[in-house]
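Read the structure below first, then the notes.
The numbers here are math on the coordinates, done by the rules we state, and not lab data. All figures in this text were calculated on a predicted structure; none of them were measured in a lab. Here Cβ is always computed from backbone atoms with ideal geometry, including for glycine, and neighbour counts include all displayed protein chains.
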Amino acid sequence: MSLVTILQHTLTGVSLGGAYALIAIGYTMVYGILRLINFAHGELFMMAGYFMIFAMASFPWYLSVPIVIIGTIVLGVVIEELAYKPLRSAPRTSIMISAIGVSYLLQNLATYLFTALPRGYPELPYLKKVFQIGDLSSSLVTFLTPVITIVLVFLLMQMINQTKIGMAIRAVAKDFETSQLMGIQINNVIIFTFVIGSFLAAIGSILYFTDRMSVNPFSGSLPGLKCFVAAVLGGIGSIPGAMVGGFILGVGETFMVALGFSTFSDAFTFLLLVAMLLFKPTGLFGEKIAEKV
Amino acid sequence: MTKEVLRLDHCTMQFGGVVAVDDLSMDIHEHEIVALIGPNGAGKTTAFNFVTGVYEPTNGAVYFNEELIVSNRPQGKMKKLYNGTNRDFRKEVVSRTPDQITKLGIARTFQNIRLFKNLTVFDNVLTAMHMHLKANFFSSALHLNQHEERAMREKTVELLRMQDLLDVRNEIASSLPYGQQRHLEIARALATKPTLLLLDEPAAGMNPQETDELADFIVKTKETFDLTIFLIEHHMTLVMDISDRIYVLDFGKRIAHGTPDEIQNNDEVIKAYLGVELDVENQ
Amino acid sequence: MDKKKLLKIILTALVTAAFLFLLFYYEQDKRKNGHALSILERSAIYAVVAVAMNMLTGFTGLFSLGQAGFMALGAYTVGILTIPLEARQNIYYISGMNETLASWHMPFIPAMIIGGLVAAVSAALIGALILKLKSDYLAIATLGFSEVIRAIIASPQFDRITNGSYGLKKIPRFDTIFIPVIISAICILLMVLLIRSSYGRAFKAIREDETAAEAMGINLFKHKELSFVISSFFTGIAGGMLAGYMGSIDSGTFRITLTYDILLIVVLGGLGSVTGSILGSFLVTAGREWLRFFDEPLFIGSWQVPLFRTGFRMVVFSLLLMLVVLFYRRGIMGDREFSWDMIFRFFTKRRKKVEISSQGGSHD
Amino acid sequence: MRKSSILVFVLMLVVLFAAFSTVAAQDVVTIGVFQPQTGENGGGGFQEVLGTRYANTVYPTIEVGGKTYTIQLYEVDNKSDKTEAVTAAQNLVSKNVNAVIGSYGSGVSIAAGAIFEEAQIPAMGASCTNPQVTLGNDYYFRVAFLDPFQGTVMANYAFQNGAKTAAVITQLGDDYSSGLGKFFVDAFVKLAGEKAVVSQEQFQTNQTDFKAILGNIKATNPDVIFAPSSITTAPLIIKQAREMGITAKIMAGDTWENVTIIENAGKDAEGVVLSTFYDEADPSTEESAKFVEGFKKYLVENNQPDIIPAVSALSYDAYLAIYNAMKLADSVDPVAIRDALVNTEFDGVTGHIFFDENGDAVKNMAVIKVIENGEFKFLQNVTIE
């Protein structure tokens, strides 16, 4: 494998990883607070793709992007309110099943509304411009994705660490019951978490689909699962962890395929997950939680 | 003196930098009722937990019937972190899982009752006999061990009768009143056929009358089942009434040891513990 | 009391006989009843997987999402071993078949049992790795392994064994519905016996409280592994039956959606209820067919009802399931089992209500 | 509460069941339309359904045995899923259909084949090109050519147009893609030598990122890339390849003749070459001319782009084949239709059609098209003897 090829693969991997990272943050934040694998998050990401297609059909891009973001946030919060909130006191299995149900529903709904045919993703100006550096060739979005990811993660970290709501999020993630007793409005915190998760999913969706150019009702499910794995890798509940996990996964997967093991690229993802859970269950950046007997 | 049943040998339990139990040594002899008392957070339950294999002690050993069952020394990072009193680290490392320890004949109850909540009272006790199942997996799964199964059921009925739980045997465990849940937990522990029974605050949440009954009951159970009992309890009247000997822990350290009378008159105990806690507990 | 018992036995016998008679009646005109028969056949197969999953999730408290993978192992084993020798050349038309395997052939039942064993052995290996994981992590890990199994089956490296991407066909299909129904009944019976045995009680103890179970001398790993392996064995058997039902299989059949289908059956029927799972598998399988009219344009007079078009069925179906999950959380049966007493009570209560209301009514 | 909900549930089921049973009519021939309308191949399946529906409007009745029968279509969705396909096929059998058309996607056709054979109902595949569909099944026929032929055609075309090296991308677990890829490799190696295929890559179902694969292909710098795959993946492969600066000619099989690809891949799709069954610009038969005119209108009526998908033409021909067989048999009995199909010969939209001993249409000509200015343009006919 020549150096150019390696660089090309690395670029691909990092860019893929950036998009993974943005989605993984949604998983990690929700899991941190509700201890719920939000299976529907991948579908939210897919729906954001469709929102963009319809927004761009009637509006210029600078209006479409906010529309997509708002639409995705609304959808994310609606899912929370309708499918998770009523089950707050139910066993964890019930909520998880509800999440699987929502993801199933969204897939079927998308198939029904938009047919199973893939839809072309609209091009945002500038983003698809192809760059040529020596033998390396790539579009702007590929370069931009990891940069945007890192910037957003930085801003998010600032918010979590500096603001009041960020503090509330950390408190709830640490101890649900106690923070409730301390007078934190749990439901507001949860809604806010979903707002952030959905916002990032919308951005991730724009970057991901601009790079991959078409959306179909199933384009969310596998990336969704992988992003959860990324979140676990980084340590569930940890935002920088989710980002690092996303990059590891993106690069690792790309090289697996590049080395001719595409059959096993998914296997690689899940084996990585199992290995991580067995040897360092808290992930790279996670905190250890002691269990009381 | 009678046979030694349980011995803790310089046991230290440390979580990160916090020393929960510091260099605890104690022994319990056959047919004794020994109580471990101390203020909240003194490390009593922690001691139970490493005896029963839930935790591994950071350093020290546990002997059961003079056989070494648990032994550990600080390893890796723990070695640097170690700040227990005893620097005399043990050599051998022996670890057992809770189920292995139960198989040796040590049964326990839990401070915050851990019943099989959605099973019936009857099944709670019957389940605890699974450990002694003689039939192999296939004959059990195919119900070919009818004889054994019947014997187990009879035994369960007997245990429930002794605990006055026979009338409620088809109730769901979590629907029982608190006192009965405690009794059920003891019945379930007895079903594992222990020789040493560890009771973690059995009187917690009971009214005075129930507590009195419990005291009688513990003594009676000890006799009937030929048991040795190791008890954690806050309820001083109960402890003083039934214990043969008492160990007192404060901040993980053993501060006193002796008969109930000796403990009641021990200045250090009164200072560390009785003065503060008894008022609250015996209101 | 004895009278009631006798009544129950008679009722059970009657219902069984009625069911068998229905099957027999359907069998008389297989062509006309083909659709109904295939729904029943598929329900019977799904019931086995659903009960197996329930044993793991509902009774042992291990949330596993690996069903599709273990079904794939069972199905491929049956496929490879039962395809008639003369058809094999045609099927492995791309890379040919492994010489040793090419000469192996056996009837359905032994092949199915081997399929179950293959699934069980794989489960034992996977279980040893991952059963220490806690609830949702376990779910994701099993789901992952299920995908790994599927990827391996489809990989070109295994072309000569599994026929890789090309799938298997000409697997002998069941001649009569009685074969799958009887096998399924036997499997479910075996699982029920296990659940009601001492081991079953130990499983439930683990579900209820791991720490307490361990303190009662129950070895967590051994019992979890046991539950996982046995559940996978029956899942493999069901996979083998699925191969016999479909006649042709490929790796695409065993995607995550298959696992989700089974999960929905279990949830609909009630976690912890065997009869619930059986009922659920019938309702889900048949419900999908019944809901087919949602896919066709509906006219009331000359007015075309909006929304009714292809795909609507699945939307309605998933909405129904969400409703169950949200408002009927414990499923149809909860964690109870069907019993005649339940029916008796249902009627006596109703009668009482009627009596009360008729008394009230006597005033005017 | 609980009981009343059970009652409601039972009632609901009863109502559903009642609604489900249909009313039988007299003098009706039913043709089952066995197609995926949802799932992975939902899009292509729908295009085939349209072709059949249109054929039904053109030939709504048939006179057989002195009686006039109304031809009714009975559509079932096999959801692109084999398990569903079995139930869907059984549904058709139970509905006593006289013949079946379908399906898009070879896998589901193979799954249903055994059931149709058992029930002795003739089935006419439209675009399922895998040899396994008809092989060893006396009741399955098809109007399309086969993958081995198609693979050879594309290999020949590539070689004749100066390609010395080729890369192949196929989808794991997809018999169409893997099979066609394999036939191409075999044929190309025969023509251009052992080392002519420089790279063979596979991707997973639902994979959307092909850059790793394409990165490898870029490194081997082939003259052509042969990437038979579903229409879902096609635009992704095309666009990502161009973005990465790969200039090799991209080629594929019949599935790619679908407007979706041009819509989604935009100008990157220019120059893509594919083999297909039929060219609307070159109506070879009388039927064909009639079809082009009528079907375009029909497409517009149904809110579809007015470019005729080849699969629609094929499913129209599948309908015609059964229609002609019924005429020839002078009966609507399924077995009689099957027996007549063996001898049926007619001019369809996609050419003159008759069937060989396997039940495959004897076709030795494929149409090669290229995407130019956002349209599929006829390039040449390739005939292989």
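Once you list every other residue whose beta carbon is under 14 Å from the beta carbon of C:Ala286, what net charge do they have if Lys and Arg are +1 and Asp and Glu are -1?
0
Among the listed pairs D:Lys164/D:Lys190; B:Lys222/B:Lys253; D:Lys164/D:Lys211; A:Lys226/C:Lys134, a Cα-Cα separation exceeding 22 Å is found for B:Lys222/B:Lys253; D:Lys164/D:Lys211.
For chain C, the longest principal axis of the C-alpha atoms and the axis of helix C:2-28 are separated by about 50°. Projecting the Cα positions of B:Thr2, B:Phe50, B:Thr85 onto the charge dipole of region B:1-90 (unit charges on Cβ atoms of Lys, Arg, Asp and Glu, taken about the Cα centre) puts B:Thr85 furthest along the positive direction. Ordering D:Thr276, D:Pro222, D:Ala212 by Cα displacement along the dipole of chain D toward the positive end leaves D:Ala212 in first place; charges were set at the Cβ atoms of Lys, Arg (+1) and Asp, Glu (-1). Within chain D, the selection of entire DSSP H helices by a Cα span of 15 Å or greater along the long axis and an average Kyte-Doolittle value of at least -1.0 returns D:2-20, D:42-58, D:82-94, D:106-119, D:147-160, D:175-192, D:286-301, D:310-329.
Karplus-based coupling profile of region A:221-236, in residue order and whole Hz: 5, 6, x, x, 4, 5, 5, 5, 4, 4, 4, 5, 4, x, x, 5, with θ = phi - 60° in 6.51 cos²θ - 1.76 cosθ + 1.60 and x standing for Gly or Pro.
Computed over neighbours whose Cβ is under 11 Å from that of B:Glu4, the net charge equals -3, Lys and Arg +1, Asp and Glu -1. Considering only D:Gln240, D:Ala85, D:Tyr69, the residue lying farthest towards the positive end of the dipole of chain D is D:Gln240, judged by Cα position with unit charges set on Cβ. Residue ranges B:94-106, A:108-120 sort as A:108-120, B:94-106 when ordered by packing (mean number of other C-beta atoms within 10 Å per residue, highest first). The value of relative contact order for region C:231-300, using C-alpha pairs under 8 Å at least six residues apart, is 15 percent.
Spin-label pair D:Asp138-A:Gln185: with each label point 7 Å from Cα along the Cα-Cβ axis, the two points sit 7.6 nm from one another. In this simple spin-label approximation, B:Thr2 and C:Ile186 carry label points 7 Å from Cα along the Cα→Cβ vector, and these lie 5.7 nm apart.
Listed from fewest to most Cβ neighbours within 10 Å, the set A:His9, B:His31 follows the order B:His31, A:His9. Amide H contacts of D:Val64 (H built 1.01 Å from N, in plane; Pro and chain starts excluded): D:Tyr69 sit under 5 Å, all sequence-distant by 5 or more or on other chains. Any lysines with Cα under 16 Å of the C:Lys132 Cα? List them, leaving off those in the same chain fewer than 8 positions away. Of all the lysines, those that pass the test against C:Lys132 - Cα under 16 Å, at least 8 places apart if same chain - are A:Lys280, C:Lys222, C:Lys224.
Inter-chain neighbour count for C:122-129: the average number of beta-carbon atoms from partner chains within 10 Å of each residue's beta-carbon is 1.
Note the per residue figure in Å³ for the convex hull of the C-alpha positions in chain A.
In chain A, the Cα convex hull volume per residue is 141 Å³.
Computed from point charges on the beta carbon alone (+1 for Lys and Arg, -1 for Asp and Glu), the dipole magnitude for chain D about its Cα centre is near 1020 Debye. Each residue of region B:256-271 was assigned a 3J(HN,Hα) from its phi angle through the Karplus expression (A = 6.51, B = -1.76, C = 1.60, θ = phi - 60°), giving 7, 7, x, 6, x, 4, 4, 5, 4, 9, 7, 4, 4, 5, 4, 5 Hz with x at Gly and Pro.
In chain C, helices alone account for a calculated mean residue ellipticity at 222 nm of -23000 deg cm²/dmol, with every DSSP H run of four or more residues adding -39,500 (n - 2.57). Calculated [222 nm] ellipticity per residue, helices only, for chain A: -24000 deg cm²/dmol; basis is -39500 (n - 2.57) per DSSP H run with n ≥ 4, divided by all residues, nearest 500.
For D:Thr170, the residues whose amide H sits under 5 Å from its own are D:Glu201, D:Gln202, D:Phe203, ignoring neighbours fewer than 5 places away on the same chain, with H placed 1.01 Å from N. Neighbours of D:Phe149 by Cβ distance under 10 Å: Lys/Arg scored +1, Asp/Glu scored -1, total -1.
Computed from phi, the 3J(HN,Hα) profile of region D:373-383 under the Karplus parametrisation 6.51, -1.76, 1.60 (θ = phi - 60°) reads 6, x, 9, 7, 10, 4, 10, 6, 9, 10, 10 Hz, with x in place of Gly and Pro.
Comparing C:Thr57, C:Thr12, C:Thr259 in a Gaussian network model of chain C where C-alpha atoms under 10 Å apart are linked, the largest mean-square fluctuation is found at C:Thr12. Under 15 Å from a label point 7 Å along Cα→Cβ of A:Leu82: give me every residue in region A:96-121 with its amide N that close. Of the residues in region A:96-121, A:98-113 have backbone N under 15 Å from the label point off A:Leu82. Using R0 = 35 Å, the C-beta based FRET efficiency linking C:Ala13 and C:Asn98 works out to 0.10. Under the convention that each Lys and Arg Cβ holds +1 and each Asp and Glu Cβ holds -1, the size of the dipole of chain C around its Cα centre is about 860 debye. Here the Gaussian network model covers chain A, with springs between Cα atoms less than 10 Å apart; of A:Leu136, A:Leu207, A:Leu144, A:Leu136 fluctuates the most. Shown for B:Glu148, D:Glu243: other C-beta atoms within 10 Å of each C-beta, ranked fewest to most, produce the order B:Glu148, D:Glu243. Would you tell me the mean number of C-beta atoms belonging to other protein chains that fall within 10 Å of each C-beta in B:111-120, as a whole number? Counting Cβ atoms of other protein chains within 10 Å of each residue's Cβ and averaging gives 4.
Summarising the label geometry, the points placed 7 Å from Cα in the beta-carbon direction at A:Val4 and B:Glu268 lie 8.1 nm from one another.
Close amide H partners of B:Ile255, meaning residues 5 or more places away or on another chain with modelled amide H under 5 Å apart, are B:Val248, B:Leu249, B:Asp250. Among C:Thr235, A:Thr269, B:Thr85, D:Thr383, the order by Cβ neighbours within 10 angstrom, fewest to most, reads D:Thr383, B:Thr85, A:Thr269, C:Thr235.
Summary: within chain A, the longest segment free of GluC sites (Glu not before Pro) located in DSSP loops with at most 14 other C-beta atoms within 10 Å is A:1-286.
Using Cβ point charges alone (K and R +1, D and E -1), the dipole size of region C:163-237 about the Cα centre works out to roughly 340 debye. For the segment A:216-223, counting C-beta atoms of other chains within 10 Å of every residue's C-beta and taking the mean gives 5.
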